[in-house]
Amino acid sequence: MSEETSLKGKELGLWTLVALSMGSIYPLAFAVSNGAGAVVYAGFAAPVVPIFAALAILLVSVPALMFSRHVSFAGGYYGFAERGFGPAAGKYVALVNLFYYILMDVVSVVAVSYILSTAISELYGYTIPLALYIIVALISTFLMFLFTVLDIRISGISVLIIVALQILIVLIFSFITIARTPYNSIQAFNIARAPAGITGVMFASVTAGFLFFTGYDAPFYFAEETKTSERTVWKSIILSIVILTVVSVIVTYAEVAAVGLSNASSLSSDWNPAVVAFGVYVGSIGTLVFIVIALMGQIWAGIVGGMSGARLIYAMARDRFVFPRSFSRTHRRYKTPVYAAIFELAVTSVLTVVSPIVLVSIYGYSQGIFYSLFLFGALTTFMWVLQHLIADASSVPFFRRLYRRLTARVASYTLVPTIAAAALFIYADLTSYIGIGEPYLAGLYVIFALLIASLIYIIYLHSKHRLESMVSGSEEVAE
């Protein structure tokens, strides 16, 4: 290691970025968990949910995608917010983004333990001890650290392979199921088959489908290491969303077709709809293969999240914000943010050990390990919505200055998507959090306290003129 503070620039190509985006989303999420959520509200019409969700995410992401054509910054969203609203708003987004990645890291590594635990319980009736549950999560945490500090080309190739393997296996299993099931029906794409019609489909799109795409924005954090990032980053995100939408539609159709119209609702109560739906048609060996691939995919979802979060911390350290400048040092050989990764490893490890122990002691083993995953997942979603919304809004002043006026064309990809995003995010939060019980409510109180404290901290630093920026500056002249 040395005092080197630069990342290894211009290493990543389009398909590696596509893999990073899809890897962070977790291609098997609709098969493992989101499919159950889609069935709850959309019933047999669940296969249309990924389509509605993808259209929504593409709409609200237009401002960020346009930003990526002008701003290449390892800090991702906070770089966008700084170019639009200035350093104070940008640094606030950086703190929100930091909380998001800390929570996301915990979710990602604990999810590996959760999938393994529930799979063993479902298949063999054995409950793994809490100590083993934590050890598995810590192993995942270390792998996240290891691939974060390795050469970006090696880590990128590993993500590409794991993503391709997930998609290949789940498509093979889906087509086998579709070929063998006696319940194939075009009615799976009939919105009228949803218990509440279009309302049910839209609600499922927000609660299960829309949130499936959380994490699609990973390429933003690798922009400084990407070839022709102004042309590659936005394309990679669109490609990843389109590809995973097609895969998710096929997978969800296979799940509901496996059990038929009259039994589709039963999938909503299954811990893993794909295993239950596919098991009859692919056998016990096929089921084990699927579980192994699901575990690998979840591990690499955490790895991509860790890689992205470390680059956020690295960018904050370059600005001497929250973290000392030493945290912007990179590995002498690989040019990866090793000091930021060490901090991420330490914080994630502590939370990974403490949170299951506390929650299990309060709620018992079964509910405790459930909350060790879904409590942090719910809070992660809240933070992601907030950072995304501020970044979207910052596109309006940025492009207004860039083009020297707010034309109808500029408003179409800044103001309109921002208003749509605000409406969708507020609706998602209201439907998800109103009337929410413990421990989610306590978690939200903690998040609100952090957000208020962060705002006070930013106001103080701004008043003292102590906010530096590596990304703020005069905009380039628009063509």
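Do we have any residue at all in region 75-97 that's surrounded by fewer than 24 Cβ atoms within 10 Å (Cβ to Cβ), within 21 Å of the chain's Cα centre (by Cα) and β-branched (V, I, T)?
Checked against the condition, which is being surrounded by fewer than 24 Cβ atoms within 10 Å (Cβ to Cβ), within 21 Å of the chain's Cα centre (by Cα) and β-branched (V, I, T), region 75-97 yields no hits at all.
So I172 fits all but one of (1) within 29 Å of S349 (Cα to Cα); (2) modelled with pLDDT of 90 or more; (3) assigned to a helix (DSSP H, G or I); what number is the exception?
I172 satisfies all of (1) within 29 Å of S349 (Cα to Cα); (2) modelled with pLDDT of 90 or more; (3) assigned to a helix (DSSP H, G or I) except (1).
If you check G215, G156, which single one turns out to be within 27 Å of N97 (Cα to Cα), assigned to a loop (DSSP other than H, G, I, E, B) and not hydroxyl-bearing (S, T, Y)?
Selected residue: G215, the only one of G215, G156 that is within 27 Å of N97 (Cα to Cα), assigned to a loop (DSSP other than H, G, I, E, B) and not hydroxyl-bearing (S, T, Y).
What is the number of the single condition among (1) assigned to a loop (DSSP other than H, G, I, E, B); (2) modelled with pLDDT under 90; (3) touching a Pro at 6+ places or on another chain (Cβ under 9 Å) that Y126 does not meet?
(3)
Could you pull out every one of the helices (runs of 4 or more DSSP H) wholly within region 401-478 that has 3 or more residues that are small (G, A, S), modelled with pLDDT of 85 or more and closer than 15 Å to L379 by Cβ?
The qualifying helices (runs of 4 or more DSSP H) are 440-463.
Whether any residue in region 373-387 is over 29 Å from F210 (Cα atoms), free of Cβ contacts under 8 Å to residues at least 40 places away in the same chain and not polar (S, T, N, Q) is what I want to check.
No, region 373-387 has no match at all.
Could you identify the single residue in D429, D392 that is of a type in the set (D, E), more than 23 Å from V109 (Cβ to Cβ) and surrounded by 20 or more Cβ atoms within 10 Å (Cβ to Cβ)?
Selected residue: D392, the only one of D429, D392 that is of a type in the set (D, E), more than 23 Å from V109 (Cβ to Cβ) and surrounded by 20 or more Cβ atoms within 10 Å (Cβ to Cβ).
Checking the structure you have, find out if any residue of region 201-214 is more than 23 Å from P63 (Cα to Cα) and free of Cβ contacts under 8 Å to residues at least 12 places away in the same chain.
no
Residues of region 126-157 being among the small types (G, A, S) and either closer than 30 Å to G364 by Cβ or surrounded by fewer than 17 Cβ atoms within 10 Å (Cβ to Cβ) (or both), which ones?
Result: A131, A137, S140.
Among residues belonging to region 44-53 that are crowded, with 24+ Cβ neighbours inside 10 Å and either out of contact with any helix residue (DSSP H, G or I) (no Cβ under 7 Å at 6 or more places or on another chain) or closer than 12 Å to I241 by Cα (or both), point out the one that is modelled with the highest pLDDT.
P50
Test S266 against the criterion of being small (G, A, S), part of a helix (DSSP H, G or I) and out of contact with any helix residue (DSSP H, G or I) (no Cβ under 6 Å at 6 or more places or on another chain), and give yes or no.
Answer is yes for this residue.
Report whether or not L123 is surrounded by fewer than 24 Cβ atoms within 10 Å (Cβ to Cβ) and farther than 16 Å from A341 by Cβ.
Yes, satisfied.
Sort out which residues of region 7-43 are at pLDDT 85 or above, over 18 Å from the mean Cα position of the chain (by Cα) and not in a helix (DSSP H, G or I), and write them in order of number.
L7, E11, L12, G13, listed by residue number.
Being buried (at least 24 other Cβ atoms within 10 Å of the Cβ) and β-branched (V, I, T) is the requirement here; does T228 meet it?
No, not satisfied.
Got a number for residues in region 341-351 being crowded, with 24+ Cβ neighbours inside 10 Å and over 15 Å from D151 (Cα atoms)?
Total meeting the criteria: 2.
Quick check: is even one residue across region 65-78 out of contact with any strand residue (DSSP E or B) (no Cβ under 8 Å at 6 or more places or on another chain), part of a helix (DSSP H, G or I) and over 20 Å from I238 (Cα atoms)?
Checked against the condition, which is being out of contact with any strand residue (DSSP E or B) (no Cβ under 8 Å at 6 or more places or on another chain), part of a helix (DSSP H, G or I) and over 20 Å from I238 (Cα atoms), region 65-78 yields at least one hit.
Hey, does region 44-60 have a residue that's in a helix (DSSP H, G or I), more than 22 Å from L424 (Cβ to Cβ) and touching a residue at least 40 places away in the same chain (Cβ under 8 Å)?
yes
Quick test of your reading of the structure: T381 fulfils all but one of (1) closer than 20 Å to I102 by Cβ; (2) more than 22 Å from the chain's Cα centre (by Cα). Name the failing condition by number.
The failed condition is (2).
Let's see how each residue does on (1) outside any loop (DSSP other than H, G, I, E, B); (2) buried (at least 18 other Cβ atoms within 10 Å of the Cβ); (3) touching a Lys or Arg at 6+ places or on another chain (Cβ under 8 Å):
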residue: A254; (1), (2), (3): yes, yes, no
residue: V275; (1), (2), (3): yes, yes, no
residue: I303; (1), (2), (3): yes, yes, no
residue: L312; (1), (2), (3): yes, yes, no
residue: A317; (1), (2), (3): yes, yes, yes
residue: H331; (1), (2), (3): no, yes, no
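The values are calculated or read from the model by the stated rules, or taken from the named source; none is laboratory data. Note that the structure is predicted; figures quoted are calculated from it, not measured. Reconstructed Cβ throughout: ideal geometry from the backbone, glycine too, with neighbour counts over all protein chains shown.
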